[in-house]
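Notes for the one structure printed next.
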Amino acid sequence: MKAAVLHEVGGIPRYEDFPDPVAAEGEVIINVKAVAVENVDKAIAAGTHYASEKFIAQLPTIPAFDGIGTLPDGTLVGFGNPRAPYGALAEKTVVAGNSFAPIAAGIDPAVATVLGTAITGMSVKTAAGLMPGETVLIQGATGVAGRLAVKLARLLGAGRIVATGRDDDQLREVQAIGADAVISTAVCDDALMQAFADARQDGYDVVPDYLWGRPTEILLRTLTPDSFAFPKPTRLIQAGESAGTELVLAAASLRTSGVEIYGAAKGLGPQTMGEVYGQIVTWAQSGELTFDLAKVPLSDIETAWTRTDLRGRRLVVMP
């Protein structure tokens, strides 16, 4: 079979022949249809992710640990945790019999690869309890997850959506898909603090945060009152860390600001996850929720792996 083969830690996968997987007892062969290549896949291949040792313990190996494919009987499924060295970026892979689940009818395999990202965007409801009419500030709205969060906040009834990002052109695109106002984080600290204050109006009710680091630290400063007050609560959801893994959290940022900080997984359980997934599928099937994808054939993996022109689109490889 053909596969994207990684020969060294930190290298670029090459399109070449690789032995077909053979299923052992309790395993099943998956014919791969679509794989979303995310930053985590590249970090694992580079050896910089905490899970690198697990997924690239032996070389050569095939990167990516989940995707969409068909069972031998043709059933379309989402799968995960292929047996090493058979990752997802190949024509075929092999997984345990309990490591796949059916995909709803009418969902394109490429679209199915990004449904999980949409679940994170639904944390405005599951973690923070967004109510219709509330104001949402999306930190890091120009990326794949952030753009989906804009669309989902609108579908969930947000009254006003403010979006942040570093690129002015991409921020204009985010406005076109539903943001009411945008803020550039590519400014000095004082200017960013003023921008947060100017766009605040009656307050930010829910803040899905894909940035963390400096922009969130400045936001928290903006939300901290200068004198005693009865602040309107702001529910901040920690969902990503593209601007930094840490920040300085002053005591007053929580004591007097009304800020409440949740993890994106708050409120999720087997039942809730099923309900959220079902809603996302319904919106996808009706066309109310759309996904920005950059589809490439597996044969182009070497070029695709290093692309920097995606501009909020998810890279999806089609074997």
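The values are calculated or read from the model by the stated rules, or taken from the named source; none is laboratory data. Computed from a prediction, not measured in an experiment: that's the story for all the values here. When we count neighbours, we look across all protein chains shown, and the Cβ atoms used for this are built from the backbone with ideal geometry, even at glycine. Accessible surface areas use protein heavy atoms only, side chains included; no ligands, DNA or RNA. Shrake-Rupley method; radii C 1.70, N 1.55, O 1.52, S 1.80 Å.
Specify whether the C-alpha gyration tensor of the range 155-214 places it in the rounded, prolate or oblate class, a ≥ b ≥ c being the square roots of the eigenvalues: rounded for a/c under 1.5, otherwise prolate if a/b is larger than b/c and oblate if not.
oblate
Just name one of Ile218, Met131, Phe196: the one whose Cα is farthest towards the positive end of the charge dipole of the chain (beta-carbon charges, Lys/Arg +1, Asp/Glu -1).
The one lying farthest along the dipole's positive direction is Met131.
In the chain, what % of DSSP beta bridges are antiparallel (nearest 5)?
50 percent
Take the Cα coordinates of the range 117-172, assign each an equal point scatterer, and use the Debye formula without solvent to give log10 I(q)/I(0) at q = 0.24 Å⁻¹.
-0.89
Which FRET efficiency, nearest 0.05, do Thr290 and Ser227 yield, Cβ-Cβ r, R0 45 Å?
Between Thr290 and Ser227 the formula returns 0.50.
What distance in nm separates the simple spin-label points at Ala96 and Cys188, each placed 7 Å from Cα in the Cβ direction?
Between Ala96 and Cys188, the label points sit 5.6 nm apart.
Ala104 to Thr282: extension gain in nm, 0.36 nm per residue of separation minus the Cα-Cα distance?
Full-extension gain reported as 63.1 nm.
Per residue of the range 251-257, in order, report the coupling 6.51 cos²θ - 1.76 cosθ + 1.60 (Karplus, θ = phi - 60°) as ³J(HN,Hα) in whole Hz, putting x for Gly and Pro.
4, 5, 4, 9, 5, 10, 8
In Å and from the alpha-carbon atoms only, list the Rg and Dmax of the chain.
21.0, 68
Quick one: the Cα spread of the range 68-144 along its three principal axes, in angstroms, biggest first?
So the extents along the principal axes, rounded to whole Å, are 47, 27, 21.
May I ask you to derive the relative contact order of the chain, considering only C-alpha pairs under 8 Å and at least 6 residues apart, and to give it as an integer percent?
Result for the chain is 18 percent.
Using only Cα atoms, what Kirkwood radius does the range 11-56 have, in angstroms?
13.1 Å
Along the positive direction of the dipole of the range 18-114 (beta-carbon charges: Lys, Arg +1; Asp, Glu -1; about the Cα centre), which of Ala110, Ala24, His49 reaches farthest?
Of the candidates, His49 comes out farthest on the positive side.
Whenever you get a sec, compute what percent of the accessible area on the range 216-310 sits on carbon and sulfur atoms (1.4 Å probe).
Taking all protein chains in place, the range 216-310 shows 53 percent carbon and sulfur surface.
How many Å² of accessible area per residue for the range 69-202, probe 1.4 Å?
On a per-residue basis, 38 Å².
Considering all projection directions equally, how large on average is the shadow of the alpha-carbon convex hull of the range 184-319, in square nanometres?
11.8 nm²
Would you list the P(r) distribution for the range 13-130, with all Cα-Cα distances sorted into 5 Å bins from 0 and each bin expressed as a whole %?
2, 11, 20, 21, 19, 14, 7, 3, 1, 0
Have a look at the range 207-267 and give its Rg and Dmax from the Cα atoms, expressed in angstrom.
When restricted to Cα atoms, the range 207-267 yields Rg and Dmax of 11.5, 33 Å.
Between Gly267, Ala34, Leu293, whose Cα lies farthest towards the positive end of the dipole of the chain when Lys and Arg beta carbons carry +1 and Asp and Glu beta carbons carry -1, centred on the Cα centre?
Value computed over the given set: Gly267.
Got a sec to turn the phi values of the range 68-73 into Karplus ³J(HN,Hα) couplings, 6.51 cos²θ - 1.76 cosθ + 1.60 with θ = phi - 60°, whole Hz, x for Gly and Pro?
Whole-Hz 3J(HN,Hα) from phi for the range 68-73: 10, x, 10, 6, x, 8.
If the label point is 7 Å along Cα→Cβ of Asp20, which residues in the range 54-72 have backbone nitrogen under 14 Å from it?
Only 72 pass the distance filter.
Can you list the lysines whose alpha carbon sits under 17 Å from that of Lys151, skipping same-chain ones fewer than 8 residues off?
Filter leaves Lys125.
Phe65's amide H: which non-local residues (gap 5+, or another chain) put their own amide H closer than 5 Å, with H modeled 1.01 Å from N in plane and none for Pro or chain starts?
Amide H to amide H, under 5 Å and 5 or more residues apart or across chains, Phe65 pairs with Ala88.
Looking at the range 1-104, which trypsin sites (Lys or Arg not before Pro) are DSSP coil and have at most 16 other C-beta atoms within 10 Å of their C-beta?
Arg83
Under 5 Å between amide H atoms, partner at least 5 residues away or on a different chain: which partners does Lys92 have, H built in plane at 1.01 Å?
Distant-sequence amide H within range of Lys92: Val32.
Taking amide H positions as placed 1.01 Å from N in the peptide plane, with prolines and chain starts having none, which residues 5 or more places from Lys295, or on another chain, fall under 5 Å of its amide H?
Under 5 Å from the amide H of Lys295 lie the amide H atoms of Val316, each far enough along the sequence or on another chain.
Lysines near Lys2 by alpha-carbon distance under 26 Å, same-chain residues fewer than 8 away left out - which ones?
Lys33, Lys42, Lys54, Lys92, Lys295
For the chain, what is the mean residue ellipticity at 222 nm derived from helices alone (per DSSP H run of n ≥ 4: -39500 (n - 2.57); sum divided by total residues; nearest 500 deg cm²/dmol)?
Roughly -8000 deg cm²/dmol at 222 nm, from the helical runs in the chain.
Where a ≥ b ≥ c are the square roots of the eigenvalues of the C-alpha gyration tensor, would you call the range 250-319 rounded, which needs a/c under 1.5, or, failing that, prolate if a/b is larger than b/c, or oblate?
Oblate shape, in that a/c is at least 1.5 and b/c is the bigger or equal ratio.
Using 0.36 nm per residue of separation minus the Cα-Cα distance, give me the extension gain between Thr303 and Thr48 in nm, one decimal.
Going from the current span to full extension adds 89.7 nm.
For the chain, with only Lys/Arg (+1) and Asp/Glu (-1) charged at the beta-carbon, what is the dipole magnitude about the Cα centre, in debye rounded to 20?
420 debye
Sort 257-267, 230-240, 280-290, 212-222 for me by packing, meaning the mean count of neighbouring Cβ atoms within 10 Å per residue, highest on top.
Taking the mean over residues of other Cβ atoms within 10 Å, the ranking is 212-222, 230-240, 257-267, 280-290.
Return the sequence-ordered ³J(HN,Hα) values of the range 202-218 in whole Hz as given by the Karplus equation 6.51 cos²θ - 1.76 cosθ + 1.60 applied to θ = phi - 60°, using x for Gly and Pro.
Once rounded to whole Hz, the list reads 7, x, 8, 7, 10, 10, x, 10, 9, 9, 6, x, 3, x, 6, 4, 5.
When only alpha-carbon atoms count, how far does the range 148-252 stretch along each of its three principal axes, as whole angstroms with the largest first?
38, 27, 23
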